Amino acid sequence: MNPEPTESSDPPEEEKEAQGRPIGRRVLLGTLGLGALGVVSAPVLQRGMDGFLGAVSGKDPTGLTGLLPNGGGFRYYSVTASVPNRNAQNYRLTVDGLVDKPATYTLADLRAMPQTRLVKDVQCVTGWRVPGTPFEGVRLSRLLDAAGVRAKAGAVRFTCFDGAYTESLTLDQARRSDILVALRMQDKPLGHDHGGPVRLYVAPMYFYKSAKWLSGITVTEHVKPGYWEDRGYDVDAWVGKSNGRDDDPTS
């Protein structure tokens, strides 16, 4: 994920939806032949495919519908069978852990902050690439600075409101200028299928590091491997320098 694995603070009990069994790396890699299908090019057919995938993904406990082509060269992908929707009224992002000033942000709070726009290729570890993809959002370093990271901190852990996906970066990686808490993609607000309303965007790494449906940022002492690292992917996922791949760098 990706296909976008991407990729949590749990929602209230009354809002929880049934979650499917997470799938492993072997299952994902065993289906790479689907990538040869490419992206459906005819606009009418593509809209039909997008609608179909969005409708059936919530009823697919394997998550394998996410490996089929979706709009703009991306794939609809989740490691659970369903993901609750969040919007401007009920979205919250928490920043906690080894910080002096824990905080909770609404979508309006994040939108009111200075925004950074990056245009770079998106590279999936399974091989597909979407060139020249704009992302826009708040630099992660800004949120960390506002929280006041403590001296013994060395890493940042990310959780997601799908209830399953996690990721981590070292503190040095998290402070890079090309790491965003993203609110927009392809010059549009992030839709649910692409991890909205807020996702992580880690420009120089494989796309599984860019966790979808972001809900928690926790500053920790050490890196804890995320969802896909527990299933065999590299913790440091620099494009072209990890996971046994030689793709061109994205930045």
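The values are calculated or read from the model by the stated rules, or taken from the named source; none is laboratory data. Computed from a predicted structure; not experimentally measured. Quick reminder, even Gly has a Cβ in these numbers, built from the backbone with ideal geometry, and neighbours come from all protein chains shown. The area values use the complete protein model at the heavy-atom level, side chains included, leaving out ligands, DNA and RNA. Shrake-Rupley method; radii C 1.70, N 1.55, O 1.52, S 1.80 Å.
At a glance:
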| quantity | calculated |
| --- | --- |
| Verdict on residue 181 being more than 16 Å from residue 123 (Cβ to Cβ) and of a type in the set (Val, Ile, Thr) | yes |
| Residue check for residue 212: of a type in the set (D, E, K, R) and surrounded by 21 or more Cβ atoms within 10 Å (Cβ to Cβ) | yes |
| Flag for residue 227 being in the same structural domain as residue 147 (by TED's automatic domain parsing) and either surrounded by fewer than 17 Cβ atoms within 10 Å (Cβ to Cβ) or assigned to a helix (DSSP H, G or I) (or both) | no |
| Subset of segment 154-200 (residues that are charged (D, E, K, R) and more than 12 Å from the chain's Cα centre (by Cα)) | 157, 172, 175, 176, 178, 184, 187, 188 |
| Of residues in segment 140-151 being touching a helix residue (DSSP H, G or I) at 6+ places or on another chain (Cβ under 9 Å) and either of a type in the set (Gly, Ala, Ser) or not in a helix (DSSP H, G or I) (or both), the one surrounded by the fewest Cβ atoms within 10 Å (Cβ to Cβ) | 141 |
| Number of positions in segment 168-209 that are more than 22 Å from residue 238 (Cα to Cα), among the small types (Gly, Ala, Ser) and open to solvent by 20 Å² or more (accessible area, probe 1.4 Å) | 1 |
